[in-house]
1. Percent relative contact order of region 159-254, based on C-alpha pairs within less than 8 angstrom and at least six residues apart?
2. Could you work out the helix-only [θ] at 222 nm for the chain, with each DSSP H run of four or more residues adding -39,500 (n - 2.57) and the total divided by the number of residues, to the nearest 500 deg cm²/dmol?
3. Provide the net charge surrounding THR235, with neighbours chosen by a C-beta distance below 11 Å and charges set as Lys +1, Arg +1, Asp -1, Glu -1.
4. With the Cα gyration tensor of region 134-292 giving a ≥ b ≥ c as the square roots of its eigenvalues, does the rule (a/c under 1.5 for rounded; else a/b larger than b/c for prolate; else oblate) give rounded, prolate or oblate?
5. What is the percent of Cα-Cα separations in region 264-391 that go past 18 Å?
6. Can I get the semi-axes of the chain's equivalent ellipsoid? Compute them from the C-alpha gyration tensor as square roots of 5 times the eigenvalues, in angstrom, largest first.
7. All other residues with a Cβ under 9 Å from the Cβ of ARG174 taken together, and with Lys, Arg as +1 and Asp, Glu as -1, what is their net charge?
8. Computed from the mean reciprocal separation of all distinct C-alpha pairs, what Kirkwood hydrodynamic radius does region 108-149 have, in Å?
Amino acid sequence: DTTRVGIVGAGPAGLMLSHLLAKAGIDNIVVEKRDRGTIANTHRAGILEHGSVRLLTDSGVDGRVLTEGHRHDGIDLRFAGESHRIDFADLIGESVWLYPQNEVFVDLADARERDGGDVRYSVTDTEVLDQTTDTPKIRFTDVDGTAVEIHCDILVGADGSQSVCRRSIPEQVRTDNFVEYPFAWFGILTEAPPSAPELIYANSEHGFALISQRSDTVQRMYFQCDPGTDASVWTEDQIWEELQKRVDGPDGFQLKRGRIFEQMVLPFRSYVCEPMRYGNLFLAGDAGHTVPPTGAKGLNLALADVRVLFEAIDSFYATKSPELLDGYSDTALARVWRAQNFSYWMTNMLHTRADANPFERKRALGELASVTSSRYGRQYLAEGYTGWPHS
Ligand code: DHB
């Protein structure tokens, strides 16, 4: 098979790029090792920056984000048992949308199907070759066992944090930047009404907790745990007690409890591959970088990469000039490092190290108080959380 752009990975990054390219009349094929149902049921974060929402709606993916998602005009930072609202709408005139990543996938997958996109799920043995030539290739075995080779002009690695595409870049020509954290998140889905109208990011001496939502009847919550934690041995009562302990305060705030139907540990780290390009192979989303979950930047950053990469590819075919493609890595990385800093800052500000001494505890409370008591501090947080303007 021959196409212009070969995309590895049909997560939100790969499908969004495929959708934008197709709308611009640029042929592309997407290959994905998972089946559609598995991706649709993979629970990830649930917050979309306003720029991400605009990208979905302006490109005609679907209006479901607007009808089924919920606009949030702020969040609560809770520490020392008290909540402090960060009012995005008042501070910077922006909002975010609560709309889970797996729903973004469903909308994109439906849009590709509706528009006749060529997306091949459940492929195996994916390899990329000839990345530095004018005809890079993707080789794989398709779902019915046929060996396939796709020849293209441009290869895109949107194949997630375990990226085959990234690993195809020789180690001598890429730099792996990473940092590990002594934290992980214990995440649950519960059948319960919302405990609060907006998200609560809670710091406590017992560790961090995030009270998020999915719908009127299903809620998503997380609490900081040791990376070695085995989620399966925790009982519902133990989980609720642990969550409640982290939001307890003189205001008597109580979580609304319900049956827990999913519990899992999410390990985390920060990673950036530089450059995000090798010859005619371009990395987008988690294939190029991963962020810790605090602040929900992962999907938003992936969509920001895709917007820049789409414009570069579109300009390449329109003008035959590779100028924007040559600038892709630097342009994308400028936002990636800001998001890395935001995620790192939120993570370290809100989590509590198991070995924190009284100085460190009190310093952390000083930081939280200085951010929440200053309009400038709240504005800084609001800008990063809702998403800096797209360049
Ligand atoms: C969710 C996850 C996050 O990491 C975050 O910062 C906000 C919300 C979520 O899954 O709802």
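Read-outs: derived from the displayed coordinates by stated rules, not from any lab. Because the structure is a prediction, the values reported are computed rather than measured. When we count neighbours, we look across all protein chains shown, and the Cβ atoms used for this are built from the backbone with ideal geometry, even at glycine.
1. Value for region 159-254: 26 percent.
2. -11500 deg cm²/dmol
3. -4
4. Prolate.
5. Value for region 264-391 (Cα pairs over 18 Å): 60 percent.
6. The equivalent ellipsoid of the chain has semi-axes of 38, 22, 20 Å.
7. It works out to a net charge of -2.
8. Roughly 11.8 Å, rounded to one decimal.
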